[in-house]
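Peer 1: What follows is a structure written as structure tokens; I'll ask about it next.
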Amino acid sequence: MKIILLGAPGCGKGTQAVKIQNKFGIKHVSSGDLFRAAISSGTPIGNLAKEYMNKGQLVPDNVTIELVKNTLQAKIEDGSLENGFMLDGFPRTLDQAKELQKFMDIDLVLYFEISNDKVLERIAKRKFCSKCKENYVAGDDFTTCTKCGGKIVRRDDDDPEVAKKRLEVYEKQTFPLIEYYKELGILKTINADQPQEKVEQDINVLLGEV
Ligand SMILES: [Zn+2]
């Protein structure tokens, strides 16, 4: 099954993706994974993307699209996505979505809908170990990591004001994508305001139906 995951930062899709992968064998493929794979294997498109990144520039849409298509295709051909995949972090723009759709039929788009208040509340609590990247929430009350002793910090862009801006940008960018997939009839909306277990149940029902 070919799935796209959509949802604002902090909506919990990463957590759910791990659960789906474990349960259904559908691979979680983030755009970051695809970039890393293309760059480390030194493909022409990977090298091109790397040039932009090294200069601190944004990788243009057409390069990103080619990179995702090529790397995804390579993974499909080598059999590592035999039970399907969940794309995360791509597409981000309507152009990217349309190009992807020309390249392959997506079966399902899981949209994790979450209220702004809930996202900001979650982000405000989010912390992680600066050394081993283990996640913590503010309520955990640790200052050093229980696994490695590293310092527990908050990401710079998790600052509430920064997070709010990021959310606004995200919404503006994502709205056309949601409309597009709705029109194609493959969008399924998940209420991500709910507790994690309930979200998981809803997803299981959805995936059972498809
Ligand atoms: Zn740690």
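The values are calculated or read from the model by the stated rules, or taken from the named source; none is laboratory data. Nothing here was measured: the structure is a model prediction, and the numbers come from that model. Here Cβ is always computed from backbone atoms with ideal geometry, including for glycine, and neighbour counts include all displayed protein chains. Accessible surface is based on the protein model in full, side chains and every heavy atom, while ligands, DNA and RNA are left aside. Shrake-Rupley method; radii C 1.70, N 1.55, O 1.52, S 1.80 Å.
Peer 1: With r as the distance between the Cβ atoms of ASP141 and ASN47 and R0 = 45 Å, compute the FRET efficiency 1/(1 + (r/R0)^6) and round to 0.05.
Peer 2: 0.45
Peer 1: At a Förster distance of 45 Å, what's the computed FRET efficiency of LYS151 paired with LEU184, Cβ-Cβ distance as r, to 0.05?
Peer 2: Once rounded, the FRET efficiency stands at 0.45.
Peer 1: In whole percent, how big is the carbon plus sulfur part of the accessible area of the chain, probe 1.4 Å, protein atoms only?
Peer 2: The computed percentage sits at 49.
Peer 1: Return the calculated 222 nm mean residue ellipticity for the chain, to the nearest 500 deg cm²/dmol, obtained by summing -39500 (n - 2.57) across DSSP H runs with n ≥ 4 and dividing by the residue count.
Peer 2: Only helices count here, giving -16500 deg cm²/dmol.
Peer 1: With every protein chain left in place, what is the accessible area per residue of the range 48-125 in square angstrom, probe 1.4 Å?
Peer 2: I get 52 Å² per residue for the range 48-125.
Peer 1: Let me ask something else about it. Calculate how many DSSP beta bridges within the chain are antiparallel, expressed in % of all such bridges and rounded to the nearest 5.
Peer 2: Approximately 25 percent, going by the DSSP bridge assignments.
Peer 1: Let me ask you something else. Considering amide H positions built from the backbone, and no H for Pro or chain starts, which residues 5 or more places from PHE112, or on another chain, come under 5 Å of its amide H?
Peer 2: Here LEU6, GLY7, ILE190 satisfy the definition.
Peer 1: For a quick check: with amide H placed at 1.01 Å from N, whose amide H comes under 5 Å from GLY84's, ignoring anything fewer than 5 positions away on the same chain?
Peer 2: Under 5 Å from the amide H of GLY84 lie the amide H atoms of LYS27, each far enough along the sequence or on another chain.
Peer 1: Can you tell me the order of 128-135, 111-118, 141-148 when each peptide is scored by its average per-residue count of other Cβ atoms within 10 angstrom, highest first?
Peer 2: 111-118, 128-135, 141-148
Peer 1: If you average the alpha carbon positions of the range 164-182 and of the range 112-151, how far apart do those two centres end up, in angstrom?
Peer 2: Going from one Cα centre to the other spans 24 Å.
Peer 1: Please list, in chain and number order, the residues 5+ apart from TYR136 or on another chain whose amide H is under 5 Å from its amide H, with Hs placed from the backbone.
Peer 2: LYS127, PHE128, CYS129
Peer 1: Next question, about the same structure. Counting only C-alpha contacts under 8 Å and six or more residues apart, can you give the relative contact order of the range 108-169 as a whole percent?
Peer 2: Computed over the range 108-169, the figure is 31 percent.
Peer 1: Also, I was wondering about something else. Taking Cα pairs under 8 Å and at least six residues apart, what relative contact order does the chain come out at, in percent?
Peer 2: The value is 27 percent.
Peer 1: Computed over the Cα atoms, what is the radius of gyration of the chain divided by 2.2 N^0.38 Å, N being its residue count?
Peer 2: In units of the globular-protein estimate, the chain measures up at 1.06.
Peer 1: Per residue of the range 195-205, what does 6.51 cos²θ - 1.76 cosθ + 1.60 with θ = phi - 60° give for ³J(HN,Hα)? Whole Hz please, x for Gly and Pro, Karplus curve as stated.
Peer 2: So the Karplus estimates, Gly and Pro as x, are x, 3, 5, 5, 4, 4, 4, 4, 5, 4, 4 Hz.
Peer 1: Considering only Cα-Cα distances, which of the following residue pairs are longer than 32 Å: LYS69/LYS125; LYS13/LYS50; LYS13/LYS69; LYS102/LYS131; LYS131/LYS182; LYS27/LYS182?
Peer 2: Checking Cα-Cα distances, LYS69/LYS125; LYS102/LYS131; LYS131/LYS182 exceed 32 Å.
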